[in-house]
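The values are calculated or read from the model by the stated rules, or taken from the named source; none is laboratory data. These numbers come from a predicted model, not from an experiment. Reconstructed Cβ throughout: ideal geometry from the backbone, glycine too, with neighbour counts over all protein chains shown.
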Amino acid sequence: MGTSSFLWNCTKKFITAGIVTVTVTDHFVTVIPVRGGSMSPTFNPKAGSHMGDVFDDYVLVEKFCLRNYKFSHGDVVVFRSPLNHKETHVKRIAALPGEWFGTHHNNDVIQIPLGHCWVEGDNTASSLDSNSFGPIPLALIRGRVTHVVWPPQRIGAVKSTPPQRLSSF
Amino acid sequence: MLPTLNAAGDVLLTDPLSPRLGNIGHGDLVLLRSPLNPKIRLMKRVEGDNVTYFDALHSKAAQVAVVPKRHVWIQGDNIYASRDSRHFGPVPYGLIEGKVFFRVWPPDSFGLDQ
């Protein structure tokens, strides 16, 4: 009888912890890996180099911004890919709804439609972003990246200004 | 969505797993975020991959659209009072939040929805 009540207590604790975890990760904050080099050097700065650091960065994603969908220039956001709903991307917001934006790679100027934004990776040479699929609906955004939590040498807040871009002119 | 849903408001159950598993098909009622305003949720019906539609405000002739891959064409059942893909075009699949599968109110319409 003591054993069964002990097991029951453990089961209750596990279930409670599971429910709390799912609620927190769905509505408040979560930690995700960042793969690929499209946001280099902000994330995965060695990706693509021959030294090949094979470990992904882990970042903290907060979801309070989804209550009002208020974003700023330079926010790094996680969004569902408009080309494949099972993939998510991490990019930086470059333009907000209603603004005029000059795309760098074909020198075109467009106005961002209502409810959409323009996202770009920091490493434009290796990034699938709005330069490929155009403005994305804000409703595809699933969270905002605020901190790097792994690896230890780069733990810290994510800056909202993109790193200085080498001129390609 | 008249006459499928009542003007006074129906209560429906939606299934958030179906969009993640890819179980959204032609004719399904779906709950999705508006591409024009992410704070607004819409409930519309999914149409097929090649759509012939009628937009009473802009043209008297039927028009044809081909829906791109990984996108859906959504239309309200009440085509004269609905702002949907006829105005803003196909929407990415990732905007869909749930699929309607059951109606719980009003009681005379209780049951599986479709």
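Details
- Restricting attention to the range A:103-148 and to residues that are assigned to a loop (DSSP other than H, G, I, E, B), within 17 Å of A:Thr42 (Cβ to Cβ) and among the charged types (D, E, K, R), the residue that is farthest from the other protein chains (Cβ to nearest Cβ) turns out to be A:Asp122.
- Within the range B:1-54, the residues that satisfy the criterion of being of a type in the set (A, V, I, L, M, F, W, C), within 20 Å of A:Leu66 (Cβ to Cβ) and assigned to a loop (DSSP other than H, G, I, E, B) are B:Leu36, B:Ile40.
Here's the yes/no breakdown for (1) out of contact with any Lys or Arg (no Cβ under 9 Å at 6 or more places or on another chain); (2) in contact (Cβ under 8 Å) with a residue 60 or more places away in the chain; (3) within 28 Å of A:Pro33 (Cα to Cα):
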site	(1), (2), (3)
A:Glu87	no, no, yes
A:Arg92	yes, yes, yes
A:Thr103	yes, no, no
A:Gln111	yes, no, no
A:Cys117	yes, no, yes
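- The range B:80-101, residues that are away from chain A (no Cβ under 13 Å), touching a Leu at 6+ places or on another chain (Cβ under 7 Å) and among the small types (Gly, Ala, Ser): B:Gly98
- Scanning the range A:68-86 for residues that are closer than 20 Å to A:Val29 by Cα, more than 9 Å from chain B (Cβ to nearest Cβ) and assigned to a loop (DSSP other than H, G, I, E, B) returns A:Lys70, A:Phe71, A:Ser72, A:Gly74, A:Asp75.
- Odd one out for A:Thr103, checked against (1) closer than 26 Å to B:Pro19 by Cα; (2) touching a helix residue (DSSP H, G or I) at 6+ places or on another chain (Cβ under 7 Å): (1)
- Residue match in the range A:120-135 (condition: closer than 24 Å to B:Arg70 by Cα, modelled with pLDDT under 80 and touching a His at 6+ places or on another chain (Cβ under 8 Å)): yes
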